[in-house]
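The structure appears right after this line, and notes come after that.
The values are calculated or read from the model by the stated rules, or taken from the named source; none is laboratory data. These numbers were taken from a predicted model, which means no experiment stands behind them. All Cβ positions, glycine included, derive from the backbone under ideal geometry; neighbour counts span all protein chains shown. Side chains included, ligands, DNA and RNA excluded: accessible areas come from the protein's heavy atoms. Shrake-Rupley method; radii C 1.70, N 1.55, O 1.52, S 1.80 Å.
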Amino acid sequence: MKATYHKYILNFKIPSGTSRGVMTEKETWFIVLEEDNKKGVGECGLLRGLSIDDRPDYEEKLRWTCANIHLGRELLWEHLIEFPSIQFGVEMAFQSMASKNPFELFPSDFTTGKKSIVINGLVWMGNEAFMMEQIKVKLADGCHSITLKVGAINFKKELQLLRYIRQHFSAEKVEI
């Protein structure tokens, strides 16, 4: 089995606030497995400045992982304990290789478009108006649960925003 890795930059449609600043792009890495004309792809979803495995030796560990792919999923797991995003990428790549379609890891009514799934709506940090607009969009999109990233504005303003949401968007008031 041969393994390679590739860096890819995802550009955000809008700047997204986090507890450590505003992100406009996300660096991601893909592990590609190849064997007997089959391919498997796994994403190592590192978040610079946020992930526990955002370390100077990250790419070196990716290189090591690809060079030692022959160890297999279980043994690699033990060597990657300090790199959870690489662990996930390896797991995903092996699952991808074992699947009929390398980009459909777990076929279901959702992947065929027959059913939807309940998701959590993430509201990025920003000013009050920006956060409120995102909340309204998430509710309109059918999200039953909303996660707010807080810390970008004054804490009292964030509490006021939460009070407003509870007052105007409680389960009793929202048509779902």
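Sorting check: for 2-10, 44-52, which peptide has the highest mean count of neighbouring beta carbons within 10 Å, and how do the rest follow?
Result, highest mean Cβ count within 10 Å first: 44-52, 2-10.
List the relative contact order of the chain as a percent without decimals, with contacts defined as Cα pairs under 8 Å and 6+ residues apart.
19 percent
So what J values fall out for region 13-25 if you push phi through Karplus, 6.51 cos²θ - 1.76 cosθ + 1.60 with θ = phi - 60°, rounded to Hz, Gly and Pro as x?
My calculation for region 13-25 gives 5, 9, x, 10, x, 10, 5, 10, x, 9, 9, 10, 8 Hz in order.
Per DSSP H run of at least 4 residues, take -39500 (n - 2.57); add these up for the chain, divide by its residues and hand me the 222 nm value, nearest 500 deg cm²/dmol.
That calculation yields -10500 deg cm²/dmol at 222 nm.
If you wrap a convex hull around the alpha carbons of the chain, what volume per residue comes out, as a whole number of Å³?
Residue-normalised Cα hull volume stands at 147 Å³.
Rounded to the nearest 10 degrees, what's the angle between the helix 155-168 long axis and the longest principal axis of the chain, both from Cα atoms, 0 to 90?
80 degrees
How far is helix 128-140 tilted, in degrees, relative to the longest principal axis of the Cα atoms in the chain, given as a value from 0 to 90 rounded to the nearest 10?
That works out to roughly 70 degrees.
Leaving out ligands, DNA and RNA, and with a 1.4 Å probe, what % of the accessible surface on region 34-170 is carbon or sulfur?
Here carbon and sulfur together make up 55 percent of the probe-accessible area.
Keeping all protein chains in position, work out how much accessible area LYS136 exposes to a 1.4 Å probe, and write it in Å² to the nearest 10.
Estimated to the nearest 10 Å², LYS136 gives 100 Å².
Determine the per residue accessible area of the chain with all protein chains present and a 1.4 angstrom probe, expressed in square angstrom.
Per residue, the chain has an accessible area of 66 Å².
What does the extension gain come out to for ILE81 and ILE119, with contour length at 0.36 nm per residue minus their alpha carbon separation?
10.8 nm
Measuring from a point 7 Å past the Cα of ARG73 along Cα-to-C-beta, which residues in region 29-51 have an amide N at less than 17 Å?
In region 29-51, the label zone of ARG73 (backbone N under 17 Å from the point 7 Å along Cα→Cβ) covers 31-35, 38-44.
With bins 5 Å wide starting at 0, give me the P(r) of region 1-105 over every alpha carbon pair, in whole percents.
Values per bin, smallest distances first: 2, 13, 22, 23, 17, 12, 7, 3, 1.
Among the lysines, which have Cα under 17 Å from the Cα of LYS7 when same-chain residues fewer than 8 positions away are ignored?
In chain and number order, the partners are LYS26, LYS61.
Between 0 and 90 degrees, rounded to the nearest ten: what's the tilt of helix 58-67 against the longest Cα principal axis of the chain?
Result, in degrees: 40.
Which whole-number percentage describes the relative contact order of region 36-124, with Cα contacts under 8 Å and a sequence gap of 6 or more?
It rounds to 39 percent for region 36-124.
What are the lysines whose alpha-carbon lies under 20 Å from the alpha-carbon of LYS136, with same-chain residues fewer than 8 places away excluded?
LYS13, LYS149, LYS157, LYS173
For VAL137 and GLU60, what is the calculated FRET efficiency with R₀ set at 45 Å and r taken between the beta-carbons, to the nearest 0.05?
It comes out at approximately 0.65.
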